[in-house]
Amino acid sequence: SDDMQVRVFNYNTLERAHAFEAHSDYVRCIVVHPTQPYILTSSDDMLIKLWNWEKQWLCQQVFEGHTHYVMQIVINTKDNNTLASASLDRTVKVWQLGSPTPNFTLEGHEKGVNCVDYYHGGDKPYLISGADDRMVKIWDYQNKTCVQTLEGHAQNISAVCFHPELPIVLTGSEDGTVRIWHSGTYRLESSLNYGFERVWTIACMRGSNNVALGYDEGSIMVKVGREEPAVSMDV
C-alpha cells in the first residue's frame, strides 16, 4: 500500500494475520515465491526486498541498484532463483536470489519502464517490458539484446503478459486498449477496447484461455479467441 505497509490476510477467514512496514516509500509490487516461504516487494524507495514468512517476516535480502521507482518484479518461471524488475530509471534489471546487486541491466527504453514478464516456454529465453515511451520490447536475456519492438499503442504501456499456454503476447495501455500479438511473428492479431478507460493490469491463468483485465472503470474476463467478454464487472 501507499502507507508503506504490507498486510497479510487469511484467505479463508479474510482476517488480517500480520502487518509490517516494508519500505520507506509507496509499495508498488508484491510477488509470492512459487516454492520458497518468501515474498518479494518493490517500492518507490528504489529497493526490492525479500521477506521470509517462516522467520516472522524477516527481511532476508535487499536488492539495490535501481535509481528510480521500482514498478514491477517478476520471478523467472524457468528458474525460481532469478527475477526481473522494471523501473522508472528506464531499465530492466535481472537479479539472483542471494546476490544484492543485479546480474545485468537491459537498456533501450527512452522513458520509465512500468511492467515486465517472462516467457513461459522452454524454447526462448525471453523477457517482455512496457514503458512510458509507448513501446513494448522483447528481450533475449541470454544474449542481453532486444529482439523485437512492438509499436502501436497511443499512450504509456501499463501491463505486458506472455500467455502461459497460447502463442500470444498481451499488452495494455493508458490508451484504453489491450493488444494481442502473435508471440512467434509479433503480428498484431487483435485490439480490444471495452470503454473502461486506462488499462492497469492483465492476468492469465495456466490451463485456461480466460484473461482478466483491470481498468480505471472496472474489470473484465475475456476468453481469448472470442469477441465478447466472458464476464464483466463494472464499478
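One table, with the values for the structure above:
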{"item": "Output for segment 6-30, where each listed residue is free of Cβ contacts under 8 Å to residues at least 12 places away in the same chain and either in contact with a helix residue (DSSP H, G or I) (Cβ under 9 Å, 6 or more places away or on another chain) or not in a strand (DSSP E or B) (or both)", "result": "ASN10, TYR11, ASN12, THR13, LEU14, GLU15"}
{"item": "Selection from segment 106-132 of residues that are outside any loop (DSSP other than H, G, I, E, B), under 17 Å from the mean Cα position of the chain (by Cα) and closer than 14 Å to SER85 by Cβ", "result": "LEU106, VAL113, ASN114, CYS115, VAL116, ASP117, TYR118, LEU127, ILE128, SER129, GLY130, ALA131"}
{"item": "Condition check for ASN156: free of Cβ contacts under 8 Å to residues at least 24 places away in the same chain and among the polar types (S, T, N, Q)", "result": "no"}
{"item": "Long-range neighbours under 9 Å by Cβ, at least six apart or interchain, first residue over 13 Å from ARG198 (Cβ atoms) and of a type in the set (D, E, K, R) within segment 211-235, second modelled with pLDDT under 70 and part of a strand (DSSP E or B)", "result": "LYS223/PRO229; LYS223/ALA230"}
{"item": "Test result for GLY176, over 15 Å from ASN114 (Cβ atoms) and out of contact with any strand residue (DSSP E or B) (no Cβ under 7 Å at 6 or more places or on another chain)", "result": "no"}
{"item": "Residue among ARG28, ARG90 that is surrounded by 13 or more Cβ atoms within 10 Å (Cβ to Cβ), of a type in the set (D, E, K, R) and at positive phi", "result": "ARG90"}
{"item": "Residue that is surrounded by the most Cβ atoms within 10 Å (Cβ to Cβ), among those in segment 43-69 that are of a type in the set (A, V, I, L, M) and under 23 Å from HIS18 (Cβ atoms)", "result": "ILE48"}
{"item": "Complete set of residues in segment 64-88 that are hydrophobic (A, V, I, L, M, F, W, C) and within 20 Å of HIS109 (Cβ to Cβ)", "result": "VAL70, MET71, ILE73, VAL74, LEU83, ALA84, ALA86, LEU88"}
{"item": "Subset of segment 173-189 [under 20 Å from the mean Cα position of the chain (by Cα), farther than 16 Å from VAL222 by Cα and assigned to a loop (DSSP other than H, G, I, E, B)]", "result": "GLU174, ASP175, SER183, TYR186"}
{"item": "Selection within segment 60-88 - of a type outside the set (A, V, I, L, M, F, W, C) and over 20 Å from PRO164 (Cβ atoms)", "result": "GLN60, GLN61, GLU64, GLY65, HIS66, THR67, HIS68, TYR69, SER85, SER87"}
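So that you can scan it fast, the table gives a plain yes or no per residue for (1) at pLDDT 95 or above; (2) more than 23 Å from ASP89 (Cβ to Cβ); (3) surrounded by fewer than 19 Cβ atoms within 10 Å (Cβ to Cβ):
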site: LEU127; (1), (2), (3): yes, no, no
site: VAL147; (1), (2), (3): yes, no, yes
site: ALA159; (1), (2), (3): yes, no, no
site: PRO229; (1), (2), (3): no, yes, yes
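Matching residues to (1) buried (at least 17 other Cβ atoms within 10 Å of the Cβ); (2) part of a loop (DSSP other than H, G, I, E, B); (3) at pLDDT 95 or above:
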position: THR171; (1), (2), (3): yes, no, yes
position: SER191; (1), (2), (3): no, no, yes
position: THR201; (1), (2), (3): no, no, yes
position: SER208; (1), (2), (3): no, yes, no
position: LEU213; (1), (2), (3): yes, no, yes
position: SER219; (1), (2), (3): yes, no, yes
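The values are calculated or read from the model by the stated rules, or taken from the named source; none is laboratory data. All figures in this text were calculated on a predicted structure; none of them were measured in a lab. Using ideal geometry, Cβ is built from the backbone for each residue, glycine included, and neighbour counts are taken over all protein chains shown.
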